[in-house]
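The values are calculated or read from the model by the stated rules, or taken from the named source; none is laboratory data. Computed from a prediction, not measured in an experiment: that's the story for all the values here. We place every Cβ from the backbone using ideal geometry, glycine too, and count neighbours over all the protein chains shown. Heavy atoms of the whole protein, side chains included, go into the accessibility calculation; ligands, DNA and RNA do not. Shrake-Rupley method; radii C 1.70, N 1.55, O 1.52, S 1.80 Å.
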Amino acid sequence: MEGKLVERLEAAVARLEALAAGGGISARGLPDSGGDDMSSDPSIVAFDDLMDQYAAKVSGAAEKIGGQVLDVSKLLLKAFSVEKKLLMEIKQTQKPDIAGLAEFLKPLNEVIMKVNSMAEARGSEFINHFKSAAESLSALAWIAYTGKDCGMSMPIAHVEESWQAAEFYNNKVLVEYKTKDPNHVEWAKALKELYLPGLRGYVKSHYPLGPVWNASGVKVSAAPSKAPQSGAPAPPCPPPAFHFTSEPSKASSSQPKQGMSAVFQELSSGNVTAGLKKVTDDMKAKNRTDRKGVVSTSEKQTSSTPSTTTPTVKKVAPPKLELQMGRKWAVENHIGNKNLVIDDCDAKQSVYVFGCKDSVLQIQGKVNNITLDKCTKMGVLFKDVVAAFEIVNCNGVEAQCQGSAPTISVDNTSGAQLYLSKDSLEAAITTAKSIDINVLVPGATSDADW
């Protein structure tokens, strides 16, 4: 009996020594997550299938393109690999508190911040690739879902919402390279498939209610802060976290209200006059001896004298409607013009509408692309577009498509009415940072309402 016990202890010691020698003990104090038992877990096997089926397509397309697109794709796939490792560690870890969760997710956050820094850089011709990757990687934050009170959407919804933000830029890649380079089109399509249906299907099958922590596993806590040595300069402040933070989210009711919310709160409290200064009789205008009811001629002349300070006048650029270089129609700075018409156009030309207000533009032919930028109460009536119809930085615009439009994009816009024809019902419509967007389709008959 004692001999068998000694043998078991020796075997356990040998196993621990082998793990330590081979790097099998992680920096978190967890056993190496690459063990046979963990890698054979159904959810981990399914994640490997996700990588083989969808991530491999992104990698293959990026290899054909090379350069910066390949660099950002490598970081994107690295983030997925880090997420797999975290999923394996979750199975051996107790559910942490807010500070511990931020520390636990730090490796994933670091990779996402690298991609985000590429998306914030300017001057690259692949900026839409970078922004697509950066926006899409926020989908991996579903792993931080800890319950309905954590301030996040549920995992499946979070993945879908994150991709909706990325799809706006992904569609720009599709439109830009549709006729230029099929490899970029392949990359954009593969990126979308990685999330929809890839990651969404994985989360739906294995973690619809969020990650499942191990109640008897290793406890994770926030890393202790190290005090600087005497005489040594203090370390620089760490960069702000991109997705995760150790600060608990506060309910909106616990934060002080500002603006009109504060006014309504004061009115509803019933204590409206609290803090107001009392006005005595001698302070009233009718009882003040230093005020006269008649304005003297000198006072009137003084008040009517123009100020010596020259007021600044905002320069308004002249309105423009012209064809530039035979390729681009520029429609700019029109105010109150309801009769703007472009009738001599072709499918190779684009239309760019900028800074127009209370105007209506009719495009009586097929064009390649139409863009509305910084327009207010603008109406556009067009027939067919080859690539896309885009609305950016606008307010209260209306657009009616009488023909076909494969893609319609709305970005940073408040209030837009989109009227579609029967030939444009298959259009892919994407929105980002926009509110009050309505899409109207024709009724069953010509007399039916929209």
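Convex hull volume of the Cα atoms of the stretch 37-132, normalised per residue: 99 Å³.
The largest accessible area among D48, D411 belongs to the first residue in D48, D411, and the rest follow in falling order (1.4 Å probe, all chains).
Using a probe of 1.4 angstrom and keeping all protein chains present, the accessible surface of the stretch 320-440 works out to 46 square angstrom per residue. With the highest mean first, a sort of the peptides 384-390, 120-126 on other beta-carbon atoms found within 10 angstrom per residue produces 384-390, 120-126.
Normalised Debye scattering of the stretch 40-216 at q = 0.18 Å⁻¹ gives log10 I(q)/I(0) of -1.16, counting only Cα atoms as equal scatterers and leaving out solvent. For the stretch 40-216, the solvent-accessible area of protein heavy atoms averages 43 Å² per residue (probe radius 1.4 Å; ligands and nucleic acids excluded). DSSP beta bridges fully contained in the stretch 320-440 are about 10 percent antiparallel.
A convex hull fitted to the Cα coordinates of the stretch 320-440 yields 81 cubic angstrom per residue. Scaling the Cα radius of gyration of the stretch 134-205 by the globular reference 2.2 N^0.38 Å produces a ratio of 1.24.
Expressed as a whole percent, the accessible area of the stretch 97-190 that falls on carbon and sulfur atoms is 50 (1.4 Å probe). Using the structure shown, select from K189/K433; K172/K348; K338/K383; K74/K433; K84/K189; K192/K328 the pairs with a Cα to Cα distance greater than 25 angstrom. Beyond 25 Å: K74/K433; K192/K328.
The stretch 371-450 and the stretch 333-370 have their alpha-carbon centroids 14 Å apart. For the stretch 360-420, the spread of Cα coordinates along the three principal axes comes to 26, 19, 17 Å, biggest extent given first.
The convex hull defined by the C-alpha atoms of the stretch 76-138 has an orientation-averaged projected area of 4.6 nm². Shown for the stretch 320-440: the carbon plus sulfur share of the solvent-accessible area, taken with all protein chains present and a 1.4 angstrom probe, equals 44%.
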